[in-house]
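Scroll down for the structure; my scribbles are underneath it.
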Amino acid sequence: MTTAPRTLSLGAFVQGAGGHIAGWRHPEAYAAGQLDFAFHAELARVLERGRFDALFIADVAALWGHQMDALSRSGRAEHFEPLTLLSALSTVTEHIGLVATATTTYNEPFHVARKFASLDHLSHGRAGWNIVTSVVPLEAANFGRSEHLEHELRYRRADEFVEVVRALWDSFADGSLLRDKASGSYYDPAGLRPPHHQGEHFTVRGPLNISRPPQGHPVLFQAGSSQTGMAFGARHGEVLFTLQADLAGAQAFYAGVKKQVAAAGRNPDHVLIWPILFPLVGGTEEEARRKVAELDELVHDDVARRLVQDNIGDLDLTEYPLDGPVPDIPDSNRSKSRRDLLLGLARQENLTIRQLALRISGGATVAGTPEQIADHLELWFTERGADGFNVSFPYLPGPAVDFVDQVVPLLRKRGLVHETYEGSTFRENLGLPRPASQEVAA
Ligand SMILES: Cc1cc2nc3c(=O)[nH]c(=O)nc-3n(C[C@H](O)[C@H](O)[C@H](O)COP(=O)(O)O)c2cc1C
C-alpha cells in the first residue's frame with residue numbers, strides 16, 4: 001500500500017468544438033477548431049495552466065455515428081487522427097499527458113506499439129493509449145468486413161493484442177541502446193528480446209524497431225463497463241474511464257473494479273478510476289442552468305433520435321414520436337453496458353426519446369457555480385467514487401477556460417490537486433510505477 005496522500009487527477013476529454021452533440025452550434029464555440037492546430041495548441045496550454053494531467057482524444061475509425069442520415073448535422077463528422085494531432089501537440093506542450101484511442105479490432109499490434117512508442121519518445125514520456133475494441137459497428141465497413149466482430153471475440157483479440165504490444169515495447173531492454181561510436185556498437189545484442197509471439201489472432205516475430213519508451217510502457221487507459229470489459233480493464237488498465245449517473249453507482253463501480261484488480265494480482269492503488277464529468281460553470285446556479293437549456297435547444301430532432309438509436313440499439317426510431325416513450329430495443333452487438341444503463345434510466349424516470357437524448361447529448365451533468373462544481377468533485381473523490389475525472393466541456397474553448405480559472409483554484413485551495421507537475425513523465429505525475437524492463441538474457 002502507498003502511504004502518500006491521494007491526490008485528485010484531471011484529464012480533459014477533447015472533442016473538436018466540444019463534447020456536447022450540438023456544442024459546435026453554440027455562438028461562442030469555435031466550430032472550425034476541429035482542424036485548426038493553433039486552436040488545439042492554445043487549448044493544451046490552457047489545460048497545462050490548470051495542471052491537467054491528461055489531454056485525451058477519443059477516436060472512431062469512421063464517420064462518428066451509426067447512421068448516416070443525422071451525421072450531416074453532427075460536429076463529429078470530421079476530426080484529426082489522434083496520434084497525428086498529439087504528436088504535433090507534443091512539440092508545443094511540456095507536461096500534460098497525451099492520450100489517444102487506438103482500436104485493437106481494426107489495427108495490428110505492431111502498428112500500435114510502434115506509434116505509441118514514437119509518441120512517448122517524442123513527448124519525453126507523456127504518451128497514453130486508450131485501448132478500445134471499437135464501439136461503433138460502422139468501422140467494420142472500412143476494413144473489409146461486412147460485420148463488426150462479436151463483443152466477446154473483440155475482447156479475446158484485445159487481450160492477446162495488449163500482450164503482444166507490451167512484449168514489443170520490451171523488445172530492447174532498458175539501457176541496451178549503446179550508440180557507442182568508439183566500439184561501433186549501436187545496441188547490445190544481449191538486450192534484444194524479440195517477442196516471437198504465436199497466438200490465436202496474431203503471429204508477430206518482432207522486435208520493435210524503436211527503443212523502449214521512456215515510460216517503459218505508455219500509460220494504459222481503458223473504458224470497458226460490461227462484465228467482460230471490466231475484467232479486461234482490471235487486467236490491463238491503469239486509468240479506467242467510466243460513465244456513471246450518480247455517486248452510488250460510481251462507488252459500486254469503484255469498489256467492484258478495485259476488487260477485481262486485486263484479484264488479478266495487481267495493486268489497486270495503481271489503477272485510477274476516472275468517471276466522465278460534464279461541467280458547466282455559471283456565475284450563479286441559475287445562469288449555469290440557463291446555459292444548459294440553451295445547448296439543449298440546439299439539438300436538432302434528427303440528431304436527438306439518432307443519438308438514442310446509436311447508443312442503445314439497432315431499432316430504427318424514425319417512425320416513433322420524439323416526445324413519446326422510449327420503445328423496447330433489442331440487444332445488439334454494441335456496448336451492452338451502455339444500452340442497459342440508458343434503457344434502465346429511461347424506464348426508471350419514464351423518459352421520452354427526446355428527454356433521453358438530452359441526457360446523453362454530452363451536456364452538463366454538473367451545472368453550477370465554481371464552488372458547486374468543486375464540491376461535486378470533492379465529494380466523489382473523498383467518498384471513493386473517483387480517483388480523478390475525465391472532464392468533457394460542452395463547447396470550446398470558453399467552458400474549459402472557465403473551469404481552469406474558476407474551479408481549479410478552488411480544488412487547489414482545498415488541497416485536492418497538485419499545484420505543479422512534480423514528475424518528469426506522465427506516469428510519475430499520476431503516481432503510477434514504471435513497468436520493469438524484462439531481464440536481459442544471460
Ligand atoms: C470516456 C469514454 C471514452 C471512450 N472512448 C472511446 C473511443 O475513443 N473509441 C471507441 O471505440 N470506444 C470508446 N469508448 C467505449 C468503450 O471503449 C467501451 O466500448 C464502452 O464503454 C462499452 O463497454 P463494453 O465494451 O465493456 O461493453 C469510450 C467510453 C468512455 C466511457
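Kindly provide the set of residues from region 216-233 that are free of Cβ contacts under 8 Å to residues at least 60 places away in the same chain and within 6 Å of the ligand (Cβ to nearest atom), ordered by number. Result: no residue meets the conditions. Kindly indicate whether any position in region 171-189 is surrounded by 13 or more Cβ atoms within 10 Å (Cβ to Cβ) and under 17 Å from Thr103 (Cβ atoms). Within region 171-189, none of the residues are surrounded by 13 or more Cβ atoms within 10 Å (Cβ to Cβ) and under 17 Å from Thr103 (Cβ atoms). Taking region 253-273 as the range and being in contact with an Asp or Glu (Cβ under 7 Å, 6 or more places away or on another chain) and either within 16 Å of the ligand (Cβ to nearest atom) or under 28 Å from Arg359 (Cα atoms) (or both) as the test, the residues that pass are Val271, Leu272, Ile273.
Annotation: of all residues in region 271-317 being in contact with a strand residue (DSSP E or B) (Cβ under 6 Å, 6 or more places away or on another chain) and part of a helix (DSSP H, G or I), the one that is nearest to Pro27 (Cα to Cα) is Lys291.
Any residue in region 135-145 that is over 26 Å from Leu432 (Cα atoms), away from the ligand (no atom under 13 Å from the Cβ) and without any contact (Cβ under 8 Å) to a residue 12 or more places away in the chain? Checking region 135-145: at least one residue is over 26 Å from Leu432 (Cα atoms), away from the ligand (no atom under 13 Å from the Cβ) and without any contact (Cβ under 8 Å) to a residue 12 or more places away in the chain. Scan region 114-138 residue by residue and report those that are more than 19 Å from Thr93 (Cα to Cα) and more than 18 Å from the chain's Cα centre (by Cα). Residues satisfying the conditions are Arg114, Pro137, Leu138. Restricting Pro370, Pro399, Pro435, Pro409 to residues that are of a type outside the set (A, V, I, L, M, F, W, C), away from the ligand (no atom under 16 Å from the Cβ), outside the structural domain of Gly18 (by TED's automatic domain parsing) and modelled with pLDDT of 95 or more narrows the list to Pro435.
With respect to being part of a helix (DSSP H, G or I), at pLDDT 95 or above and loosely packed, with under 14 Cβ neighbours inside 10 Å, Ala32 falls outside the description. Taking the criterion of being crowded, with 17+ Cβ neighbours inside 10 Å and either among the polar types (S, T, N, Q) or at pLDDT below 90 (or both), the only residue of region 322-332 that qualifies is Ile329. Number of residues in region 391-418 that are surrounded by fewer than 18 Cβ atoms within 10 Å (Cβ to Cβ) and part of a strand (DSSP E or B) equals 0. Please determine whether any residue of region 154-163 is at pLDDT 95 or above, away from the ligand (no atom under 16 Å from the Cβ), aromatic (Phe, Trp, Tyr) and assigned to a helix (DSSP H, G or I). Checked region 154-163: no residue is at pLDDT 95 or above, away from the ligand (no atom under 16 Å from the Cβ), aromatic (Phe, Trp, Tyr) and assigned to a helix (DSSP H, G or I).
In this structure, Arg157 does satisfy being under 27 Å from the mean Cα position of the chain (by Cα), under 30 Å from Ser437 (Cβ atoms) and either without any contact (Cβ under 8 Å) to a residue 60 or more places away in the chain or in the same structural domain as Met230 (by TED's automatic domain parsing) (or both). Scanning region 115-150 for residues that are basic (Lys, Arg) and out of contact with any Leu (no Cβ under 6 Å at 6 or more places or on another chain) yields one hit, Arg145. Scanning region 419-434 for residues that are closer than 22 Å to Gly237 by Cβ and over 21 Å from the mean Cα position of the chain (by Cα) yields a single hit, Gly423. All conditions but one from (1) in a loop (DSSP other than H, G, I, E, B); (2) buried (at least 19 other Cβ atoms within 10 Å of the Cβ) apply to His201; the one that does not is (2).
So which residues in region 91-114 are within 20 Å of Asn429 (Cβ to Cβ) and of a type in the set (Ser, Thr, Tyr)? Selection gives Thr91, Thr93. Under 8 Å between Cβ atoms, which residue pairs at least 6 apart in sequence (or on different chains) link something in region 103-122 that is touching a residue at least 60 places away in the same chain (Cβ under 8 Å) with a partner that is crowded, with 22+ Cβ neighbours inside 10 Å and among the polar types (S, T, N, Q)? That search, which allows pairs on different chains as well, returns Asp120/Gln215.
Can you say whether Gly233 is in contact with a strand residue (DSSP E or B) (Cβ under 6 Å, 6 or more places away or on another chain), part of a helix (DSSP H, G or I) and assigned by TED's automatic domain parsing to the domain that holds Leu177, as far as the supplied structure shows? Judged against the criteria, Gly233 is a match. Scan region 227-279 for residues that are closer than 17 Å to Leu430 by Cα and acidic (Asp, Glu) and jot them down. Glu238, Asp269 - these are the residues of region 227-279 that are closer than 17 Å to Leu430 by Cα and acidic (Asp, Glu).
Selection of region 403-415 for residues being in contact with a Phe, Trp or Tyr (Cβ under 9 Å, 6 or more places away or on another chain) and over 28 Å from Lys258 (Cα atoms) yields Phe403, Val404. Only one of Glu294, Glu238, Glu319 is more than 12 Å from the ligand (Cβ to nearest atom), under 30 Å from Val407 (Cβ atoms) and surrounded by fewer than 17 Cβ atoms within 10 Å (Cβ to Cβ). Can you tell me which? Just a single option satisfies the conditions, and that option is Glu294. With respect to (1) assigned to a loop (DSSP other than H, G, I, E, B); (2) at pLDDT below 95; (3) crowded, with 19+ Cβ neighbours inside 10 Å; (4) out of contact with any Ser or Thr (no Cβ under 6 Å at 6 or more places or on another chain), the lone exception for Ala70 is condition (1).
Would you point out the residue of region 86-140, among those that are of a type in the set (D, E, K, R) and assigned to a loop (DSSP other than H, G, I, E, B), that is farthest from Pro213 (Cα to Cα)? Across region 86-140, the extreme among qualifying residues is Glu108.
The values are calculated or read from the model by the stated rules, or taken from the named source; none is laboratory data. Please read all numbers here as calculations on a predicted model, not as lab measurements. We place every Cβ from the backbone using ideal geometry, glycine too, and count neighbours over all the protein chains shown.
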